[in-house]
Every structure is written in C-alpha cells, then in structure tokens.
Amino acid sequence: MNNVIEVQNLYKTYQTGDTSFNALNGVSLSVKKGEFVAIMGASGSGKSTFMNQIGCLDKPTSGKYYLDGVDTSTLNSNELSKIRNIKLGFVFQGFNLISRTTALDNVQLPMIYAGIKEEERIKRAKHALEIVGLSARENHMPNQMSGGQQQRVAIARAIVNDAPIILADEPTGNLDTKTSIEIMEFFVSLNEKHGKTIVLVTHEPDIAEYCKRVVKFKDGNIESDIVKA
C-alpha cells in the first residue's frame with residue numbers, strides 16, 4: 001500500500017515575544033492508503049497542530065509533508081487550496097454548516113470551489129446525502145436538524161468531491177453517546193466499504209476504539225503508535 005500522508009521531521013514553532021515554543025518537535029509519521037487512524041493526546045500535546053499541517057491549513061517551520069506523493073512545501077497558496085479540495089475532506093466538531101442554506105446547498109460548497117457545473121453538483125450532492133441516510137432532509141436548514149443529522153451533512157460535504165482522505169477533528173465532541181456511535185459507524189463504513197483513508201482526532205478512548213491504529217501525542221512528540229491486530 002502507498003503512503004498517502006507522509007511527514008518527515010516536522011517542526012512547528014510559535015514565537016511569543018522572546019519566547020519560542022515547539023508545538024511539533026520533529027514528528028515523522030506515515031499513513032497508508034485505506035488506514036483508519038486515531039490521533040490522541042492531552043490538550044497542548046500537538047495533535048491539533050499536526051492536523052492543521054496534514055490538512056494544508058498551516059505550514060511547518062521545518063520538515064517535509066508529502067500529500068499523496070506531492071511535496072506540499074513546493075506549492076503556493078492557490079495550489080495548496082486546489083490539492084486540499086481534491087485530496088481532502090474535512091469534518092469538524094462544530095459542523096461548520098452555513099445556517100441559512102439547505103443541506104443540499106451546504107453539501108455542494110466544495111464543488112462550487114472546484115468549478116463543477118450546477119447539474120452535476122446537485123446530482124453528486126444528492127448521492128452524498130443518500131450515503132449518509134439524509135435524502136429526506138435535503139431541503140432542511142441546519143436549525144431544522146439534530147446535531148447528529150448536521151454532522152452527517154458535514155460528512156456528506158466531506159465526501160462529495162470523492163476526496164480519498166478524510167480528516168476529522170473531534171467529530172463527536174458536540175454529540176451525545178448514542179449519536180456519537182451512529183457517526184462513528186458512518187466513518188467505519190466510509191473506511192471499509194468506500195475505501196476512504198481517515199485520520200481522526202479524539203480525546204475519547206471509546207471513540208478511538210473504532211479506529212484501526214492509535215497514535216498518541218505528548219509534548220509535540222509521538223508517544224506511541226499502535227496498530228490493532
């Protein structure tokens with residue numbers, strides 16, 4: 001299997017006045033196509049900084065990041081936006097839906113940025129909502145849906161461009177236990193049935209149990225990296 005995510009000796013340093021702080025301290029990690037990885041660690045451990053790096057949302061102070069074989073350090077802002085839109089789907093704790101826009105329109109957003117024509121956008125958005133079981137809710141606004149339904153819309157938006165990699169940052173953080181289980185079962189299905197590579201940040205051990213590999217961060221370093229048998 002190929003490495004779709006590969007970071008080599010990654011540092012991220014923040015400067016505050018005369019003081020500097022390494023949020024990432026020479027991290028090296030590879031994720032193969034089709035893996036389902038949990039990123040864990042206490043607040044301030046570096047896990048969110050790491051996710052920002054692999055999501056091309058921020059640049060490292062030093063080190064290399066290869067996204068599906070492409071050296072991201074060679075890309076300008078427009079090229080980074082393009083590869084992010086093609087290769088990555090994002091799911092956030094806060095859903096990040098546009099409140100005055102229907103589920104169908106929210107799911108179409110990445111395709112608008114990609115310049116896809118309206119007829120094709122609607123077709124693909126409807127299919128993505130069907131995958132997450134929300135066909136009947138396509139014309140509902142976010143405030144007309146439960147938290148779990150809103151997160152499923154967000155997942156549909158993440159997969160609508162058929163991005164091979166999904167990055168999920170605390171996707172169950174705002175959900176109750178029952179709904180969290182439903183959302184994690186969707187991620188398992190996306191991984192096993194649809195072949196998506198998933199990297200998921202969580203501080204909850206029961207959520208990490210759904211993943212096939214658990215990487216724990218501490219003080220900007222990888223403390224442990226366990227692949228389940």
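Some points to look at:
- For the chain, relative contact order (Cα pairs under 8 Å, six or more residues apart, normalised by length) works out to 29 percent.
- Separation of region 80-115 from region 172-229 is 21 Å, based on Cα centroids.
- Partners of K178 within straight-line reach, counting lysines whose Cα lies under 28 Å from its Cα and excluding those fewer than 8 residues away in the same chain: K47, K126, K193, K196, K212, K216, K228.
- Summed residue charge, Cβ within 13 Å of E223's Cβ, Lys/Arg positive, Asp/Glu negative: +1
- Ordered by the number of other Cβ atoms lying within 10 Å of each residue's own Cβ, fewest first, R100, R124, R213 fall into the sequence R100, R213, R124.
- Only helices enter this figure: runs of n ≥ 4 DSSP H residues, each worth -39500 (n - 2.57), summed and divided by the residues of the chain, yield -10000 deg cm²/dmol at 222 nm to the nearest 500.
- Stretched out straight at 0.36 nm per residue, the stretch from T13 to K82 would grow longer than its current Cα-Cα span by 22.3 nm.
- Put a plus charge on the Cβ of each Lys and Arg, a minus charge on the Cβ of each Asp and Glu, and nothing anywhere else: the dipole of region 3-227 about its Cα centre is then about 420 debye.
- Net charge in the neighbourhood of K117 (other residues with Cβ under 13 Å of its Cβ; Lys, Arg +1, Asp, Glu -1) is 0.
- Nearest-0.05 FRET efficiency for R100 and K218, computed from C-beta distance (R0 30 Å): 0.10
- Most simply put, the chain has about 55% antiparallel DSSP beta bridges, counting only bridges with both residues inside it.
- Read-out Kirkwood radius over Cα pairs in Å, derived from the coordinates shown; its label in [x] 17.3; [y] 19.5; [z] 18.1: [z]
Each value in this text was obtained by applying a stated rule to the coordinates, not by laboratory testing. From a predicted model like this one, the values you see are computed outputs, not experimental measurements. Cβ atoms come from the backbone with ideal geometry, glycine included; neighbour counts cover every protein chain shown.
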